[in-house]
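Enquirer: Questions regarding the structure given below will be posed in turn.
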Amino acid sequence: MTATDTTAVCRRLVGRTAVVTGAGSGIGLAAARRLASEGAHVVCADIDDTSGKAAAEETGGRYVRADVTDADQVEALFARAHETYGSVDIAFNNAGISPPDDDSILETGLDAWKRVQEVNLTSVYLCCKAALPYMRAQGKGSIINTASFVAVMGAATSQISYTASKGGVLAMSRELGVQFAREGIRVNALCPGPVNTPLLKELFAKDPERAQRRLVHVPAGRFAEAEEIAAAVAFLASDDASFVNAAEFLVDGGIAGAYVTPL
Ligand SMILES: NC(=O)c1ccc[n+]([C@@H]2O[C@H](COP(=O)([O-])OP(=O)(O)OC[C@H]3O[C@@H](n4cnc5c(N)ncnc54)[C@H](O)[C@@H]3O)[C@@H](O)[C@H]2O)c1
């Protein structure tokens, strides 16, 4: 059975409200679909109105335009979710970027460094800060922050600000998971390996050698599909993960465990 097949039988999130950032594409879109299929009301946030609206329409949820680097827009996003559906049960803080001008530290300028930190790390701080008051009032909630396998291992093919931002997401998630555990709130860092999404395709289309250099390190011999990451999001969001907290939740096809890979 594949991750997609299980959507027909899993209904773990009936009546819960999930906010998904970056819901218009890739992992966010696959997660919005999966969370909705398990019964959640999904609030789809993005800065791309076309894809964000399409995601909301497809999942029967709401679209809220929100730039995750803007504190007011992030607060309004979670307020809107609460007003519309009466709770904020799941926050999938997932929007992120991986621009080509974030490269080796020798090449990466301060502007690129700051932009990536804002979109990938400051955004997670803002989203957690906005979601937590609702979850504390409810006495329950699940926050899932998208980090990456690069938060736990280094690459010679560097994207220095991206890697540092994901390390920050992992450390912040761990600490929040510890701080709020006794209030019924779980906070986990989802650490995907490379996934076949527009973000990765765009990066690797420009540099096939870079793609090949990475692929060789994946024991599974392929990149993940977004639906496989979405299945982990649904698990972490659900009560099946009731004792999974402050975790570095790797969904990486075995990369982080590999010394050498099969021929
Ligand atoms: N694709 C991979 O291989 C991979 C691996 C590990 C982690 N990740 C992480 O997963 C997350 C999703 O990546 P993806 O591959 O699905 O990317 P993607 O580019 O397919 O989708 C990202 C979405 O985020 C939106 N977005 C960008 N900036 C935003 C902002 N400021 N405010 C609101 N929305 C914004 C985009 O419009 C887009 O819809 C990112 O955090 C990424 O770093 C991806």
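The values are calculated or read from the model by the stated rules, or taken from the named source; none is laboratory data. If you're wondering where the values come from, they're calculated on a predicted model, not measured in any experiment. Cβ placement follows ideal geometry from the backbone for every residue including glycine, while neighbour counts extend to all protein chains displayed. We work out accessible area using only protein heavy atoms, side chains counted, and drop any ligands, DNA or RNA first. Shrake-Rupley method; radii C 1.70, N 1.55, O 1.52, S 1.80 Å.
Enquirer: Using a Gaussian network for the chain with springs between C-alpha atoms less than 10 Å apart, which of these wobbles most: GLN212, GLN138, GLN179?
Expert: For the chain, modelled as a Gaussian network with Cα springs under 10 Å, the answer is GLN212.
Enquirer: What does the charge add up to near PRO208, with Lys and Arg as +1, Asp and Glu as -1, over the other residues with Cβ less than 12 Å from its Cβ?
Expert: It works out to a net charge of +3.
Enquirer: Moving to a separate point now. Quick one: Karplus J couplings for the range 192-203, per residue in order, coefficients 6.51, -1.76, 1.60, θ = phi - 60°, nearest Hz, x for Gly and Pro?
Expert: x, x, x, 10, 5, 10, x, 4, 6, 4, 5, 5
Enquirer: Also: Jot down the radius of gyration and Dmax of the range 134-232, Cα atoms only, both in angstrom.
Expert: When restricted to Cα atoms, the range 134-232 yields Rg and Dmax of 16.0, 50 Å.
Enquirer: For the range 48-64, in order, what is each residue's ³J(HN,Hα) by Karplus, 6.51 cos²θ - 1.76 cosθ + 1.60 with θ = phi - 60°, in whole Hz (x at glycine and Pro)?
Expert: Working through the residues one at a time gives 9, 4, 5, 6, x, 5, 4, 5, 5, 4, 5, 9, x, x, 10, 9, 10 Hz.
Enquirer: Let me ask something else. 7 Å from Cα along Cα→Cβ at both MET153 and LYS201: what's the point-to-point distance in nm?
Expert: About 2.6 nm, to one decimal.
Enquirer: Okay, next question. Roughly how many percent of the accessible protein surface of the range 67-222 is carbon and sulfur, given a 1.4 Å probe and a whole-percent answer?
Expert: Taking all protein chains in place, the range 67-222 shows 54 percent carbon and sulfur surface.
Enquirer: Tell me, in nm to one decimal, what length is gained between ARG12 and GLU58 on full extension, where the rule is 0.36 nm per residue of separation less the Cα-Cα distance? Intermediate results must be reported in sequence, preceding the final value.
Expert: On the way: separation 46, 0.36 × 46 = 16.56 nm, distance 1.95 nm.
Result: 14.6 nm gained on full extension.
Enquirer: Can you list, largest first and rounded to whole Å, the semi-axes you get for the chain by taking the square root of 5 times each eigenvalue of its Cα gyration tensor?
Expert: Its equivalent ellipsoid spans semi-axes of 28, 20, 18 Å.
Enquirer: Could you check the simple spin-label distance between ALA79 and ARG222, using points 7 Å along Cα→Cβ, in nm with one decimal?
Expert: Inter-label distance under the simple model: 4.6 nm.
Enquirer: How large is the accessible surface per residue of the range 85-163, computed with a 1.4 Å probe and reported in Å² as a whole number?
Expert: Counting only protein heavy atoms, the per-residue value for the range 85-163 is 41 Å².
Enquirer: Can you pull the Rg over Rh of the range 97-190, Cα-only, Kirkwood?
Expert: Dividing the radius of gyration by the Kirkwood radius yields 1.06.
Enquirer: Using just the helices of the chain, give the 222 nm mean residue ellipticity in deg cm²/dmol: DSSP H runs with n ≥ 4 each add -39,500 (n - 2.57), and the total is spread over all residues, rounded to 500.
Expert: Details: 10 runs with 114 residues, N = 263.
About -13500 deg cm²/dmol.
Enquirer: When only Cα pairs under 8 Å and 6 or more residues apart are kept, what is the percent relative contact order across the range 155-263? Could the numbers behind the result be given before it?
Expert: Details: 112 pairs, mean separation 41.6, N = 109.
38 percent.
Enquirer: Would you kindly state how much longer the chain becomes between ASP72 and ILE97 on full extension, computed as 0.36 nm times their sequence separation minus their alpha carbon distance, in nm to one decimal? Walk me through the numbers on the way to the answer.
Expert: Working: separation 25, 0.36 × 25 = 9.00 nm, distance 2.04 nm.
Fully extending the segment from ASP72 to ILE97 adds 7.0 nm.
Enquirer: Additional query: When DSSP beta bridges are limited to those with both residues in the range 70-205, what percentage is antiparallel, rounded to the nearest 5? It would help to have the intermediate numbers written out before the result.
Expert: Values: 0 of 10 bridges.
The answer is about 0 percent antiparallel.
Enquirer: Using alpha-carbon positions, what is the distance between the centroids of the range 84-133 and the range 22-45, in Å?
Expert: 18 Å
Enquirer: How about the range 166-216: which trypsin sites (Lys or Arg not before Pro) there lie in a loop by DSSP and see at most 10 other Cβ atoms within 10 Å?
Expert: LYS206
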